[in-house]
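Below: one structure, written as structure tokens.
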Amino acid sequence: MSDYLVKMQGIDKSFPGVRALDEARFDLRTGEVHALVGENGAGKSTLMKILSGIYRMDAGQIILKDNEVEIPSPRAAQDLGISMIHQEINLMNHLTLAQNVYIGREPRGVVRFMLDENKLNAQTKELFASMRLNLDPRTKAADLTVAKQQMVEIAKALSFNSQVLIMDEPTAALTEAEIDELFRIIRELRNKGVGIVYISHRLEELKQISDRITVMRDGRTIDTVDAQTCSIDQIISMMVGRTIFEAAPEIPEKPSQDIALEVRNLNRGDVIRDVSFQLKKGEILGFAGLMGAGRTEVARAVFGADPVDSGEFFVNGELVQIKSPKDAVAHGIGYLSEDRKRYGLALGMDVEENIALAGFSKFLGRLGTVNQTAIRDTATHYVDTLQIKTPSVEQRVRNLSGGNQQKVVIGKWLTADTEILIFDEPTRGIDVGAKSEIYHLLNDLAQQGKSIIMISSELPEILRMSHRIVVMCEGRITGELSSADATQEEIMRYATQRRVLVSANGEPTNDQGIEQNGVG
Amino acid sequence: MATQTGETAATSKRSFLRADAAQKLLAFSALIIIFIFFSLASPFFRTPDNVSSILVATAVNGVLALGVTFVIITAGIDLSVGTVMTLSAVMTGVAVTNRGLPIPVGIIVGLLTGTTAGLISGLMIARMKIPPFIATLGMMMIARGLSLVISDVKPIYFNDTPVFREIMMGSVVGALIPGLSVPNAVFILFGAALVAAFILGKTVLGRYAVAIGSNEEATRLSGVNVANWLTAVYALGGAFSGLAGVMIASRLNSAQPALGIGYELEAIAAVVIGGTSLSGGEGTILGTVIGALIISTLTNGLRILSVPQEWQMVITGVIVVLAVYIDIIRRRGK
């Protein structure tokens, strides 16, 4: 028997219009964490979806412990001991944790058709205990934080006695403390001999957790290297196919002193408490804080997406009413959601339609007819200036990579003549190369006099990009720093300045539940 | 854009906890209030005879609504239940009256007819990927057409088999305990509801119906054969329609081939009033029964108060919209 648990060779896969994998290869040993990295669209997820039975490969070979195997369905993969934890949480919110973990394999009662709920809960409790997870199996999945949901997903994967565990960006939505907890579990699994495939964009993590790193680019496997001896710079250059140096902070020039947007005394329940701030013209204002600090809520309030209890908005010094996104757009405010796919884009529509969407009235003729030529011209213009990589403006947005989708959203808001842009986690799930393009784009926009609010959980990003930094914690603004004297430590200090630690019942009061964990 | 989802995860999660219980309580209080209102308005309303007739009137729609509950929990819809009910009634009539087969065989024919129709809808939806609205709209017309063809557009009476009528209108309880002559229809409804509640709460089929409605893709990725279970859910819905077909044939002592249109909407209304979410994943059998009771109590009460039938429809419509709106407001948090 070879020491390889899994060997994938010559894997080809095409989607309409895209060659996703081109003779890709990958191998996994028992008891190792093997990181799989590459820019978005490099083929990592596709390759792993083939291994976990979600996609069928067009050509190639999968060898599992010396035997060539066919993996036609997720079920077949599970039966072979291969489980995948997806980037999006895949739990059924209306079911309990136990019901989620053992879905499809419920212990049955006397009659085969009946469920044995007690056994199900007992079984799950045991499973959680083995992972040292302190959760009640009867809790509904909807009531957990994202981090806890992820732990449940891992528990679910383990309940199959998986030999191979594939994790697609498991840390994307976690805080430092939660990441530590995740890594603890990953190490325990590795020591038990489980082979773990770890897909991530956070290169700094890889050295901590992985044994080997495989880099993919354009559907091909570039190389597999030892995680300890290879530098991050080397990995990045393999990913992008050229050497890019992570530039020192490139803070754009000072903004003017005109105030583009002022928010005064904004309140909404206990998620936004008395928030006031100013945004200058041509400024990038960073919003830092932990998840659940209320930054997204403030952004959505400014954009009119959620009703507020009180608060005043001034645009260019004038008091304005913003009660709906329509009002916000009318006052030149655009919001780029952290969840692009859900809120930012009509995925099934093509690039030009998406770009035209927010400023649609511009393209209407006198009789309400759509001026297709104008739409095409505008879309083509932004595809060029924003360097959106797409075969044509008629490409469906669904088929673009994350970074390019983000650019389409930016194009959409620019078309709508937006002067104030709120970016919520603009680089989440975007690979290194595309990230720095987005940074340049933000800088350019600020230079052109656009005012930008950038919400980000990545401190280096905040420090590198912002003129000023506002820090939030538990719905309050706890600090404001100028870029000159801000440090990661300083921001963290403000981000953890809590007033209410834990509510009476011991559960965190907001949905993210960060309070329990503190900051790593 | 984010306009429809104007809520944060925080508020939705907190209100979520109470969602099921609150809607049931709300529907139940609404039923009580409606009942008290009509009792005060008319002394006849609260007589045992009238209460019994309300329950009998609930039976057919209630059983249809039970089947629809499962379908809606999967985030689907079934528009064919009314005409499938009619087709089942006609098939029972053909078996019992035209062919002279024993009544139990006729009942089984009715149930199988409904189940088959549901199965076909389910296959269209799960295998051919036709949207539920369209697939069951097609089935609605197919079943209606077949009913007319098979019956030759004439009602089939059960005059040779007087026992058939007793299925619904007789009273087994009355025979056992004189003075308590509750029609069988009532027991059939509650029996069917118990079976439905059992299936939803205690069996694999119920669990997967909720899972599919909650997150179909996640259910598929968990290795559940979603297509098969979804088909089974529609077949189950069809079985309830088949039962309703036998029930209505018994109640009218005939299979009326032109009947059936409109029943599906009333069934959906009962389900929705009962708090089952059209977006799937949540719903209860008790809620549906209460929903069906609300509709028939309202219809009965308004008729007693001599409100014209046209206005009864208007009021029912308003109630449906209100029920869903209250649900939406509650989900929105504050």
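On inspection, B:VAL186 fails the criterion of being within 7 Å of chain A (Cβ to nearest Cβ), of a type in the set (A, V, I, L, M) and part of a helix (DSSP H, G or I). Please determine whether any residue of the stretch A:360-368 is modelled with pLDDT under 90 and within 25 Å of the chain's Cα centre (by Cα). Looking for residues that are modelled with pLDDT under 90 and within 25 Å of the chain's Cα centre (by Cα), one finds none in the stretch A:360-368, hence no. Condition test on B:GLY191, is it out of contact with any Lys or Arg (no Cβ under 6 Å at 6 or more places or on another chain), under 18 Å from B:VAL84 (Cα atoms), in a helix (DSSP H, G or I) and away from chain A (no Cβ under 14 Å)? It is false that B:GLY191 is out of contact with any Lys or Arg (no Cβ under 6 Å at 6 or more places or on another chain), under 18 Å from B:VAL84 (Cα atoms), in a helix (DSSP H, G or I) and away from chain A (no Cβ under 14 Å).
Against the test of being in contact (Cβ under 8 Å) with a residue 12 or more places away in the chain and closer than 24 Å to B:ASN50 by Cα, the options B:VAL289, B:VAL324 yield a single qualifying residue, B:VAL289. Restricting to the stretch B:3-30, count the residues that are surrounded by 18 or more Cβ atoms within 10 Å (Cβ to Cβ) and modelled with pLDDT of 65 or more. The number of residues fulfilling the criteria is 3. Of the residues A:THR243, A:THR221, A:THR229, A:THR214, the single one that is at pLDDT 85 or above and not in a strand (DSSP E or B) is A:THR229.
Against the list (1) under 30 Å from A:HIS94 (Cβ atoms); (2) surrounded by fewer than 21 Cβ atoms within 10 Å (Cβ to Cβ); (3) charged (D, E, K, R), the condition B:ARG46 fails is (1).
Reported count of residues in the stretch A:186-203, each being in a helix (DSSP H, G or I) and β-branched (Val, Ile, Thr), is 1. B:GLY280 - would you say it is within 14 Å of chain A (Cβ to nearest Cβ), outside any helix (DSSP H, G or I), without any contact (Cβ under 8 Å) to a residue 12 or more places away in the chain and among the small types (Gly, Ala, Ser)? It is false that B:GLY280 is within 14 Å of chain A (Cβ to nearest Cβ), outside any helix (DSSP H, G or I), without any contact (Cβ under 8 Å) to a residue 12 or more places away in the chain and among the small types (Gly, Ala, Ser).
Here the stretch A:31-61 is the region considered, the condition is being in a loop (DSSP other than H, G, I, E, B) and under 14 Å from A:MET167 (Cα atoms), and the residue that is nearest to the other protein chains (Cβ to nearest Cβ) is A:SER52. State all residues of the stretch A:24-39 that are farther than 13 Å from A:ILE222 by Cα and buried (at least 22 other Cβ atoms within 10 Å of the Cβ); if no residue qualifies, say none. Hits for the stretch A:24-39 are A:LEU28, A:VAL33, A:HIS34, A:ALA35. Residues in the stretch A:281-324 that are buried (at least 19 other Cβ atoms within 10 Å of the Cβ), touching a Leu at 6+ places or on another chain (Cβ under 9 Å) and in a strand (DSSP E or B): A:ILE284, A:LEU285, A:GLY286, A:ALA288, A:GLY311, A:PHE313, A:VAL315. Considering only residues that are farther than 25 Å from B:VAL224 by Cβ and of a type in the set (Gly, Ala, Ser), look in the stretch A:40-94 and name the one that is nearest to the chain's Cα centre (by Cα). Filtering first and then ranking leaves A:GLY41.
For the stretch A:255-269, the candidate set comprises residues that are touching a Gly at 6+ places or on another chain (Cβ under 6 Å) and in a loop (DSSP other than H, G, I, E, B); within that set, the residue that is surrounded by the fewest Cβ atoms within 10 Å (Cβ to Cβ) is A:SER256. Here the condition is being farther than 24 Å from A:THR296 by Cβ and at pLDDT 85 or above; of A:ILE388, A:ILE375, A:ILE322, it holds for A:ILE375 alone. Return yes or no: is B:ILE134 modelled with pLDDT of 95 or more and surrounded by fewer than 21 Cβ atoms within 10 Å (Cβ to Cβ)? Yes. Select, from B:ARG220, B:ARG251, the only residue that is more than 12 Å from every other protein chain (Cβ to nearest Cβ), in a helix (DSSP H, G or I) and surrounded by fewer than 24 Cβ atoms within 10 Å (Cβ to Cβ). That would be B:ARG251, the only listed residue that is more than 12 Å from every other protein chain (Cβ to nearest Cβ), in a helix (DSSP H, G or I) and surrounded by fewer than 24 Cβ atoms within 10 Å (Cβ to Cβ). Going residue by residue through the stretch A:62-74, is there one that turns out to be within 14 Å of chain B (Cβ to nearest Cβ) and either in a helix (DSSP H, G or I) or among the charged types (D, E, K, R) (or both)? Yes, the stretch A:62-74 has at least one match. In the stretch B:308-324 there is no residue that is touching a Leu at 6+ places or on another chain (Cβ under 8 Å), more than 14 Å from chain A (Cβ to nearest Cβ), buried (at least 16 other Cβ atoms within 10 Å of the Cβ) and under 30 Å from B:THR161 (Cα atoms). Scanning for something modelled with pLDDT of 90 or more and within 14 Å of chain B (Cβ to nearest Cβ), does the stretch A:1-12 turn up at least one residue? No: zero hits. Answer yes or no: is there a residue in the stretch B:204-221 that is under 23 Å from A:VAL110 (Cα atoms) and hydroxyl-bearing (Ser, Thr, Tyr). Yes - at least one qualifying residue is present in the stretch B:204-221. B:TYR234 passes every criterion in (1) modelled with pLDDT under 90; (2) hydroxyl-bearing (Ser, Thr, Tyr); (3) buried (at least 23 other Cβ atoms within 10 Å of the Cβ) apart from (1).
Applying the criterion of being among the charged types (D, E, K, R) and more than 22 Å from B:PHE164 (Cα to Cα) to the residues of the stretch B:81-131, the residue that is surrounded by the most Cβ atoms within 10 Å (Cβ to Cβ) is B:ARG127. Of all the numbered requirements in (1) hydroxyl-bearing (Ser, Thr, Tyr); (2) modelled with pLDDT of 90 or more; (3) surrounded by fewer than 19 Cβ atoms within 10 Å (Cβ to Cβ), A:SER52 misses one, and that requirement is (3). Looking across the stretch A:151-193, the residues that are under 19 Å from A:GLY53 (Cα atoms) and β-branched (Val, Ile, Thr) come down to A:ILE154, A:VAL164, A:ILE166.
A:SER451 is checked against (1) of a type in the set (Ser, Thr, Tyr); (2) buried (at least 22 other Cβ atoms within 10 Å of the Cβ); (3) in contact with a Ser or Thr (Cβ under 9 Å, 6 or more places away or on another chain) and fails just one. What number does that condition carry? Just one mismatch for A:SER451, condition (3).
Pairs are defined by a Cβ separation below 9 Å, a sequence spacing of at least 6 or placement on different chains, a first member in the stretch A:263-278 that is farther than 12 Å from A:ARG295 by Cβ and facing chain B (nearest Cβ under 10 Å), and a second member that is part of a loop (DSSP other than H, G, I, E, B) and basic (Lys, Arg); the pairs so defined are A:GLY269/B:LYS334.
Considering the stretch B:194-210, and only residues there that are touching a residue at least 60 places away in the same chain (Cβ under 8 Å) and crowded, with 19+ Cβ neighbours inside 10 Å, the residue that is farthest from the other protein chains (Cβ to nearest Cβ) turns out to be B:ALA196.
Taking the criterion of being assigned to a helix (DSSP H, G or I) and touching a strand residue (DSSP E or B) at 6+ places or on another chain (Cβ under 9 Å), the residues of the stretch A:331-367 that qualify are A:TYR343, A:GLY344, A:VAL351, A:ALA356, A:PHE360, A:PHE363. Looking across the stretch B:283-312, just one residue is assigned to a helix (DSSP H, G or I) and either among the aromatic types (Phe, Trp, Tyr) or at positive phi (or both), and that is B:TRP311.
The values are calculated or read from the model by the stated rules, or taken from the named source; none is laboratory data. What you see is a predicted model, and the numbers here were worked out from it, not measured in a lab. For neighbour counting, all protein chains shown are included, and Cβ atoms are generated from backbone atoms with ideal geometry for every residue, glycine included.
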